[in-house]
Amino acid sequence: MSEKHAVRAEGLEKRYGDKRALDGFDLAVREGTVHGLLGPNGAGKTTAVRILSTLVRLDGGRAEVAGLDVARRARDVRARIGLTGQYAAVDEVLTGRQNLEMFGRLFHLGGRRARARVVELLERFDLTDAADLGVGKYSGGMRRRLDLAASMILAPSVLFLDEPTTGLDPRSRGEVWESVRALVADGTTVLLTTQYLEEADRLASRITVIDQGRTIADDTPDGLKNLVGGDRIEVVVADRAELPSVVKTVARVCEGEPETDEEGLRVHAPVTDRVPALTEVARTLQDEGVAVEDIGLRRPSLDDVFLRLTGHRTSARAADPSEPSEPTEPAEKEEVVAA
Ligand SMILES: Nc1ncnc2c1ncn2[C@@H]1O[C@H](COP(=O)(O)OP(=O)(O)OP(=O)(O)O)[C@@H](O)[C@H]1O
Ligand SMILES: [Mg+2]
């Protein structure tokens, strides 16, 4: 196994009764990078993180974290990792500072060392001003940052972040991204699970896509985006009879072949010159008197990647009713102009 990998998993298997949560999962995370683990609800992301962070035992395959076998050296692995779970672990009643000091005691840091480390972490995660406020008063983004700080108490060399921004507003999401970047700049390796292609794209230098407990792709963000053809222009019309003229306009302005979704009254095509192309399409359609319901730019989503890799959409599979439902991908439409 190469030294340059902070995390490495081969053929991981985990069964819960008849359910194969992991079914031959492979992963290799280079040291000092953010690696994205991208997949829809129930794909096996949390299970993978739990195995790698020694919280559950694997049924098959092997995994190393920081060069140590997770099954045989669990205790040593634990001393080198941090984990921020999918659901916030901080206490609402305590202040931010008290929460962190509590984690310090949990990890057997002496009182003075814990307090000093907490001051450092509050500063690093931009929480100094809010340090003595009850966490009940924190915004979602502040809570997540506090979570990150808590998992950094021991300055781990590998940090597992399980969907750190699911359910956050765009601003809080941006704040968490900033904190993650700062950690990596300091040398921590981060494995980040997410359902958002955009998030993996912003943070990760490499992305593993997981579906039904198996690795279905491992690529750079650009590689994945190229697979689905990058950004697209999308036009929705009010009347089916308008579709052919929209196709003609879109074909003229955009680089790629337009695709028509007859049922959704939708035409879409790949673009590189995003905003000029959008403006041009909108203006032409307006000049031609085409009644446009909606027009905009869409970045590729996890769903697009899935469709391309597996031939089905992430939502096509029956949802497991026993699972907590998570918010779906946030609105993908990025810029919308009135036509
Ligand atoms: N403790 C458990 N007992 C039974 N089944 C489980 C358990 N943990 C996970 N599973 C099942 O294993 C599969 C993978 O679950 P996992 O939580 O790893 O997915 P995930 O990718 O983290 O999903 P999400 O995006 O919803 O968090 C799911 O079908 C889930 O229902
Ligand atoms: Mg999960």
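Modelled spin-label separation between ASP186 and GLU259, with each label point placed 7 Å from Cα along the Cα-to-Cβ direction: 4.3 nm.
Just to be sure I understand the curve: with the Debye formula and one point per C-alpha of the stretch 199-276, what is log10 I(q)/I(0) at q = 0.11, 0.24, 0.25, 0.27 Å⁻¹? For the stretch 199-276, the Cα-only Debye profile gives -0.41, -1.00, -1.05, -1.15.
All Cα-Cα distances of the chain, cut into 10 Å bins from zero to the largest, leave 5, 23, 28, 22, 13, 7, 2, 0 percent in each bin in turn. Candidates ALA9, VAL305, THR166 compared by Cα position along the dipole of the chain: farthest toward the positive end lies ALA9, with charges placed on Cβ.
Compared with the dominant principal axis of the Cα atoms in the chain, helix 111-124 is inclined by about 20°.
For a modelled paramagnetic label at GLU178, 7 Å from Cα along Cα-to-Cβ, the residues of the stretch 78-101 in reach, with backbone nitrogen under 20 Å, are 96-97. Run a plain Debye calculation on the stretch 153-282 (Cα atoms as equal point scatterers, no solvent) and give log10 I(q)/I(0) at q = 0.19 Å⁻¹, rounded to two decimals, same order as the q list. Normalising to I(0) and taking log10 leaves -1.06.
Ellipticity at 222 nm from helices only: DSSP H runs of n ≥ 4 in the chain, each -39500 (n - 2.57), divided by the residue count, give -10000 deg cm²/dmol.
All C-alpha pair distances within the stretch 53-170, sorted into 5 Å bins from zero, spread as 2, 12, 20, 21, 19, 12, 8, 5, 1, 0 percent across the bins. The antiparallel fraction among DSSP beta bridges confined to the stretch 152-233 stands at about 50%.
Measuring nothing but how far apart in sequence close Cα pairs (under 8 Å, 6+ apart) lie, relative to its length, the stretch 48-175 scores a relative contact order of 32 percent.
Please give the length that would be gained between ARG62 and VAL236 if that part of the chain were fully extended, namely 0.36 nm times their separation in residues minus their C-alpha to C-alpha distance (nm, one decimal).
57.8 nm
Summing charges over all other residues whose Cβ lies under 12 Å from the Cβ of ARG117, with Lys and Arg as +1 and Asp and Glu as -1, gives +3. Each Lys or Arg adds one and each Asp or Glu takes one away; over the other residues whose Cβ falls under 15 Å from the Cβ of GLU13, this sums to +3. What you get for the chain, charging only the Cβ of Lys and Arg (+1) and of Asp and Glu (-1), is a dipole of about 1960 debye around the Cα centre.
Whole angstrom only: what separates the Cα centroid of the stretch 133-183 from the Cα centroid of the stretch 264-295? Here the two parts' Cα centres lie 39 Å apart. Between the stretch 27-70 and the stretch 201-217, the alpha-carbon centres lie 12 Å apart.
On the beta carbon distance between ASP91 and ALA251, with R0 = 45 Å, the FRET formula returns roughly 0.20.
Give me the percent of DSSP beta bridges within the chain that run antiparallel, rounded to the nearest 5.
70 percent
Potential lengthening of the chain between ALA155 and LEU106 amounts to 16.2 nm, from the contour at 0.36 nm per residue minus the alpha-carbon distance.
We did not get these values from a lab; they are worked out from the coordinates using the rules stated. All figures in this text were calculated on a predicted structure; none of them were measured in a lab. Don't worry about glycine lacking a Cβ; one is built from the backbone with ideal geometry, like all the others, and counts go over all protein chains shown.
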